[in-house]
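Student: First the structure, then my questions, so here it is.
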Amino acid sequence: MKFLRMPIEIEAPEQLGYHKIDCNLTESSYTDFKFKDLGLDLNELLISYVDHRGHPGLRKLLSEETKGIIHPDQVLLTSGAAQALFIISSSLLDRGDELVVVRPNYATNLETPRALDAKLKIVELDFDSGYRTNPEAIKAAITTSTKLVSITVPHNPTGAVMSERDLEAIIDITEKAGCLLLVDETYREMNFDGVMPHAASRAGHVISVASFSKTFGLPGIRVGWLMTRNQKAFETFFAAKEQIQICGSALDEEIAFQFYAKKDHFLPAIQSNLRRKFTILKNWMENQNHLEWVEPRGGCVAFPRFKKPVAERINLDRFYKTLNETFSTYVGPGHWFEQSKTSMRIGYGWPGEEELRRGLDNITKSIEKSQ
Ligand SMILES: Cc1ncc(COP(=O)(O)O)c(C=O)c1O
């Protein structure tokens, strides 16, 4: 394998130092929790090796959410969704194997198959089609050599949400084509129009991936999961996990379990806080003339772009430099997602309301100073 560091990680705010940033609009998660606000009881926890599949109580809770369609033993806890994605790609794809994957995307979904020297058939999502993942485009990209199709719902970086109908169509297409379907549903509980069932519960060839990082604001515990009813694939994923790390962290998994057991307490507050911040973003978008967007239907990020006349006259380098250096404000530039820098990802779910307002205002000021 050939590993290359990705711009989104090289330029990540935690690498720069959070303390150096006034307005952090780069994040793709809800505000990080402080440990003391979780009300957890960890004193009696044994810091031992733990169940290799992951915390049995947590896997049971996840299984119950699928109404038992996914058995707890078909859930594998991983070190974040990132590790689940790595395990899936490296288990299923050898050099030259074909994968159909959408772009823009969370960078790892593209970069790990590349590191494996797999053959990527990229389905481009575009602004004018509302960043829709079109089942017909997926179908057209699949060949008899396709091993895996990889989609993200709700989508990062655009916040687009696939309709139930499109998702069912893609499940049907991939089943008939005889390939596996990876649904990265890390933002599942951030769907504005209601939470969809775990995709893996819909069909045996589907693999769902998610984590505690995004909706639950716990990226630092590095707990995620994959689930699938495909026993053969699951066994390979399980073997990969054991070879990487034997088992997960006893501490991280216990925190995740105790948090998830109280999910009904935390989730409504998270969702209403996100709605308030989305309203701030939407009002700002509606009251400025420089940017246009596909209004998100889920997640906690948006991917606006400069309107054409602005894009033609703006000095992009100056814009990002002014935003970063004069206003100490950061967004996710388009190149993090293999797109033009005329698009930027704005993470509105992570900053506090004041920081968000100030950051958006700084974007306006930086645009005005860069034309
Ligand atoms: C769509 C998507 N999948 C997976 C991840 C990986 O997150 P984590 O490993 O923290 O769960 C991210 C992080 O940004 C993401 O946006």
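Student: Subtract the Cα-Cα distance of residue 282 and residue 44 from 0.36 nm times their separation in residues, and report this length gain in nm to one decimal.
Tutor: 81.1 nm
Student: Hey, can you rank 27-38, 193-204 by average C-beta count inside 10 Å, highest first?
Tutor: Per-residue Cβ counts within 10 Å, averaged per peptide and sorted highest first, yield 193-204, 27-38.
Student: Hey, any idea what Rg/Rh is for the range 52-146, computing Rh the Kirkwood way over Cα pairs?
Tutor: Value, to two decimals: 1.05.
Student: Could I ask something else about it? Counting DSSP beta bridges in the chain, what percent are antiparallel, to the nearest 5?
Tutor: Bridges in the chain that DSSP calls antiparallel: roughly 45 percent.
Student: Output the antiparallel fraction of DSSP beta bridges having both residues in the range 41-261, as a percent to the nearest 5.
Tutor: So the antiparallel bridges in the range 41-261 amount to around 30 percent.
Student: What order, most packed first, do the peptides 144-151, 310-317 have when packing is the mean number of other Cβ atoms within 10 Å of each residue?
Tutor: Taking the mean over residues of other Cβ atoms within 10 Å, the ranking is 144-151, 310-317.
Student: Taking only Cα atoms, what is the 0 to 90° angle, nearest 10, from helix 56-65's long axis to the longest principal axis of the chain?
Tutor: Result, in degrees: 70.
Student: At 0.36 nm per residue, and after removing the present C-alpha to C-alpha distance, how many nm does the segment from residue 316 to residue 275 gain when stretched out fully?
Tutor: Gain in length upon complete extension: 11.7 nm.
Student: Still on this structure: Distance in nm between label sites at residue 263 and residue 73, each 7 Å beyond Cα in the beta-carbon direction?
Tutor: A separation of 2.2 nm, rounded to one decimal place.
Student: GNM, the chain, Cα, under 10 Å: largest mean-square fluctuation among 215, 228, 108?
Tutor: Most flexible of the set in this elastic network: 108.
Student: Students often forget the sequence filter, so: which lysines lie under 16 Å Cα-Cα from residue 308 once same-chain residues fewer than 8 apart are removed?
Tutor: Within the straight-line limit of under 16 Å, residue 308 reaches these lysines: 341.
Student: At q = 0.12, 0.22 Å⁻¹, what is the base-10 log of I(q)/I(0) for the range 90-237 according to the Debye formula with one equal point scatterer per Cα and no solvent? Please give it to two decimals.
Tutor: Each listed q corresponds, in turn, to -0.46, -1.70.
Student: Mind pulling the angle between the C-alpha long axis of helix 263-286 and the longest principal axis of the chain? Nearest 10 degrees, somewhere in 0 to 90.
Tutor: So the inclination is approximately 30 degrees.
Student: Return the loop-located trypsin sites (Lys or Arg not before Pro) in the range 260-312 (DSSP other than H, G, I, E, B) with at most 15 other Cβ atoms within 10 Å of their own Cβ; answer none if there are none.
Tutor: Passing both the DSSP loop test and the Cβ count: 262, 307.
Student: While we're looking at this one, here's another question. Compute the distance in nm between two label points, each set 7 Å from the Cα along the Cα-to-Cβ direction, one at residue 140 and one at residue 5.
Tutor: The answer from the label model is 3.8 nm.
Student: Could you grab the relative contact order for the range 41-261? Cα pairs under 8 Å, six or more apart, rounded to a whole percent.
Tutor: Relative CO of the range 41-261 lands at 28 percent.
Student: Once label points are set 7 Å from the Cα along Cα→Cβ at both residue 340 and residue 192, what is their separation, rounded to one decimal in nm?
Tutor: Spacing of the two 7 Å Cα→Cβ label points: 2.5 nm.
Student: Pairs to check: 34/282; 139/232; 67/263; 67/147; 36/60. Give those whose C-alpha atoms are more than 19 Å from each other in this structure. Mind showing how you got there, number by number?
Tutor: Working: 34/282 28 Å; 139/232 24 Å; 67/263 17 Å; 67/147 29 Å; 36/60 26 Å.
Result: 34/282; 139/232; 67/147; 36/60 exceed 19 Å.
Student: What are the principal axis extents of the Cα atoms in the range 289-348, in Å, biggest first?
Tutor: Its Cα atoms span 31, 26, 24 Å along the three principal axes.
Student: Something else about it: Restricting things to alpha carbons, tell me how big the chain is in terms of Rg and Dmax, in Å.
Tutor: Rg then Dmax for the chain, in Å: 20.4, 62.
Student: Between residue 14 and residue 175, what is the FRET efficiency for a Förster distance of 45 Å, r being their Cβ-Cβ separation, to the nearest 0.05?
Tutor: Efficiency, rounded to the nearest 0.05: 0.70.
Student: Helix 353-369: angle to the longest alpha-carbon principal axis of the chain, degrees 0 to 90, nearest 10?
Tutor: Orientation of helix 353-369: about 50 degrees from the principal axis.
Each reported figure results from applying straightforward, stated rules to the coordinates on display, with no laboratory input. Because the structure is predicted, anything quoted here is derived from the model rather than measured. Cβ sites come from the backbone with ideal geometry, for glycine too, and all protein chains shown count toward neighbours.
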